[in-house]
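One structure is given below, encoded as C-alpha cells.
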Amino acid sequence: MVYNTPANRMLSIGDITLTSETMPADFDSGKPFRIDDHWYYYAAIYLDDAPLLPKESLSTSKGVAIGWVVISLTNEVFLARQRDRIIAAVVAMTLSWILTLWLSIRLGHSIVKPVERLTRHIREMELDTNRQLILEEGPIEIQKLAQGIHKLQVSVAESKTYLESEIMAATSQLQATLIDLEEAMKAKDQFLARMSHELRTPLTAVIGFSTLVSKEKDAAKRKEHARVVVTASTMLLTMIDDILEFSKAGVSGFTLEKISWNTRQGAADILAVHQPSADEKGIALSFNIHPTVPEFLHGDPVRLAQIISNLVSNAMKFTDRGFVTIEAESEVIEGDSILMKLTVSDSGKGIEDNKIPFLFDPFSQEDTSINRRFGGTGLGLAISKRLVEAMGGEIKVESTVGVGTIISFTCNLLQTDSIMPSSDHGARELLANKMLSGVTILLAEDNSFNQKLFVRLLKGYGANCLIANNGLEAIEIAGNLHVDVVLMDIHMPVVDGVTACATIVQQSGEVPPIIGLTADITLAEQQRMLDAGAVSVQLKPVDEVKLVSSILSALNSASEITDDSSGSILSSVIPVDELKSALYQNLDSLLAKLRTEETGSQRQIMHDLLGLSGLYGMGDLRELVLQFSASYAALNLEQRIESVAKIRAHIEGYLEPDDGHINS
C-alpha cells in the first residue's frame, strides 16, 4: 500500500486488506504491527532534490516527505502447504500401517502358525520321543526347520533307545555282579567256617609222630617216625598252598614234580598218617596193591598222596564202623607209560544220587549239618578232581545210601626199575659237594629263629653268611662289603625289603643278585619284589632244594662252585694250555680293574677263577682265590696286587707246561 500525501491518494498492490480506516493511529511510529495474522511494516517516502553529495552525506540527508508505504506479510500459504504435507504424511502412514497389518496377518498364517505348531510338537516330544512329526507346509525355510527337527527327534529317539539298552545291560551286569558277590561272600564264610578239616589230618600226624619221636628210644623207629612227620608236613604245606591259590587252581594252576618213589613205601606212609584216626573210630584201614603195580614209579608222589589222603579222609568222615579200603592197580599203555587206577571204598552212609553231580564243586558238602559235625573246607574233592585232571586222568563216584561209597580215579605215570635221581637226591649231592663253598651270602632277616635256620642250612652247603637285622643294615653291608648273593625278607623293620632291594640295585658298582623271601603267597606281593630288582622270590617255609637252586641260578653257574679234589674229566678234554691262557686272561683283567679302581666286574672274574679251578680239581688254587675274595675289602691296592701275583705264581707252578697235565 502506497500513499501519496500531496495527492491524497492510496494505491494497493496485491492482496492486502488494510484500509486507512483500519490502520492504527500510531502506524507511522516505525514499528511493525500485526492485524489478523498479517504483519505490516511502515516507511515514509521523502523527495530529495538536493545536489548529489558524496556517499557519506546521503545516509544523513532527508528531503520533503511526500507519502508513505506499508508492506503486508503473511505465512498462510506456507501453513496451508504444511497442512497439506502433514495430511499427506498421515494418509501415507495410515496406508502403510494397514499394509503392514495385512502382511502380518498373511505372515502369521504362513510362518508363525507353523512355528507355533512345531514348538508345541517339541514340547510334546519331551514326553514322547516316538511321536511322529508331520512335515509343515509353507516357505522353504519352515520346511527345512521341520526336517531338522524331525532328524533331531529321530536322533534323540535312537539315543534314548541306546541309553535304555545300555542301562538295562549295566543293570543286568550289576545284578549278576551282586549275585556273584553274594555267592563269593557266602563261599568265603563257608571257607572261613570250615577250613580246619583239610589241614587237621596231616597236622594231627605231625603233632602225634613228633611226640612219638621225642619218646621213642629205638633209633630205627625214631627215623621212621621222623619220615612220617616229613611226609605229613609236606602234605600239609601242599594243602595250604592249594587252599590259598585255589582261585587259580585249574589244570595249569598245579605244578607237578617229576621224581621217582617206591610205591609200597608211599602206601605205608599214607596208612601211617591216617591209621590213628582209623584206630580211634574202630575202622579197618587197608591199602591193597595189585601185583601189576610196579615197585618204582616216576611222577609226583606228593600230589598223588594228597589225592588219596583227601579221598581217605572223606571216606573216614562218613564211616562210623566197618572199613575203608584203598586199592591200586595199573596197566601198561605204551613203553614205560602206565595208567594207574586207585580206588577208595568205604562202608559209610553213602551219598544220594542227586548229590553226586555236585560232589566236586568247591565248598560243596552234602548238607550243612556235615560241617557242624565234621568240619572241613569243602575243597578236598574239588582239589582232588583238578589234580587228577592235571595228571591226565578222571575220577568217578559210585554210591548206595546205607551201603557205602566207591571213588576211583586214574592218572598217567611212568614206571622205572629204580629210584631215578630227583631234586631231593640232587640236594644231597649239593650238600656233599659243598656247592656253595666260598660264596658269601647276606641274609636280611629280622626273625632270630629264621636267622639261625637259614645260617645253619647255608653253612651246610659251604656258604659264608652275613646277617642284617633290618633293611637299613642290609643296604649298608651290601654297599661296603663283598657279597655274592642277598637273601632279602620282604617285611622288615626300619626299611622294608622292597625298598632295601631297590636301593641296593641303584647303588654304584656291581650289584649282587637279590632273592626275595616271603610268607605272603599273593602274586602282587611277589611282583613288588621282582619289580624292585630281585631275580626271584622264594616262599616261606622255604624248600631247601629250591632255595639252593635259586642261589646257584642267581650266580649263573652251578658248575663254578664244585669242589672235587680228585680232579675233573674235563682236564682230559680241554688242553692245559687253553686252561692256562684262560686263567692268565682272568688275572690280567683283575689287575686292570684293580689299578683303575673299577669294581664293576671283579665279582664275575672271581667266579670265573673259582669255576675254572673247580672244573679241573685245583683245590689249592681255589683256596687262594677264596682267601683273596674274603679279605678283599680289608686289603689296600698293593696288597691286592700282591695277592694276585701269588695266585699267578701258584698257577705257574701248578700247571706243567711240558707234559700238558695238571699236578695232582
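Any read-out appearing in this document is the output of simple, stated calculations on the displayed coordinates, not a laboratory observation. Since this is a predicted model, take the numbers as computed values, not measurements. Cβ placement follows ideal geometry from the backbone for every residue including glycine, while neighbour counts extend to all protein chains displayed.
Compute the length gained on full extension between HIS290 and THR5: take 0.36 nm times their separation in residues and subtract their Cα-Cα distance, giving the result in nm to one decimal. Working shown, then result.
Values: separation 285, 0.36 × 285 = 102.60 nm, distance 17.97 nm.
Extra length from HIS290 to THR5 when fully extended: 84.6 nm.
For ILE207, ILE406, what's the fewest-to-most ordering of other Cβ within 10 Å of each Cβ?
Values: ILE207 12, ILE406 17.
In order of increasing Cβ crowding within 10 Å: ILE207, ILE406.
Work out, step by step, the length gained on full extension between GLU257 and SER110: first 0.36 nm times the residue separation, then minus their alpha carbon distance; give nm to one decimal.
Numbers: separation 147, 0.36 × 147 = 52.92 nm, distance 9.05 nm.
Taking GLU257 through SER110 to full extension adds about 43.9 nm, to one decimal.
Would you mind computing, in nm to one decimal, how far apart the modelled labels at ALA219 and ARG264 are, each placed 7 Å from Cα along Cα→Cβ?
About 2.4 nm separates the two model spin labels.
Taking the Cβ of each residue in HIS482, HIS274 as the centre, tally the other Cβ atoms inside 10 Å and list the residues starting with the fewest. Please report the intermediate quantities before stating the final value.
Numbers: HIS482 19, HIS274 24.
Ascending Cβ contact count within 10 Å gives the list HIS482, HIS274.
For the pair TRP102/GLU76, report the inter-label distance in nm, with labels modelled 7 Å from Cα in the Cβ direction.
Those two pseudo-labels are separated by 4.0 nm.
So if R0 is 30 Å, what FRET efficiency would SER12 and ARG85 give, r being the distance between their Cβ atoms, rounded to the nearest 0.05?
Details: r = 32 Å, r/R0 = 1.05.
Once the sixth-power term is evaluated, E becomes 0.45.
Stretched out fully, how many nm does the piece from SER337 to LEU523 gain, at 0.36 nm a residue minus the Cα gap? Don't jump to the answer; show the numbers that get you there.
Working: separation 186, 0.36 × 186 = 66.96 nm, distance 3.51 nm.
Result: 63.4 nm gained on full extension.
Quick one: pull the percentage of alpha-carbon pairs in the stretch 423-556 with a separation above 19 Å. If you can, show how the numbers build up before the last one.
Numbers: 3892 of 8911 pairs.
Tail of the P(r) past 19 Å holds 44 percent of the pairs.
With 10 angstrom as the radius, rank TRP39, TRP102, TRP68 by how many other C-beta atoms surround their C-beta, starting from the fewest. Each step should come with its number before you reach the end.
On the way: TRP39 13, TRP102 10, TRP68 17.
By the 10 Å Cβ count, ascending, the order reads TRP102, TRP39, TRP68.
Please get the size of the charge dipole for the stretch 423-556, origin at its Cα centre, with Cβ charges of +1 on Lys and Arg and -1 on Asp and Glu, quoted in debye to the nearest 20. Mind showing how you got there, number by number?
Details: 8 positive and 15 negative charges, 81 e Å.
Around 400 debye, computed over the stretch 423-556.
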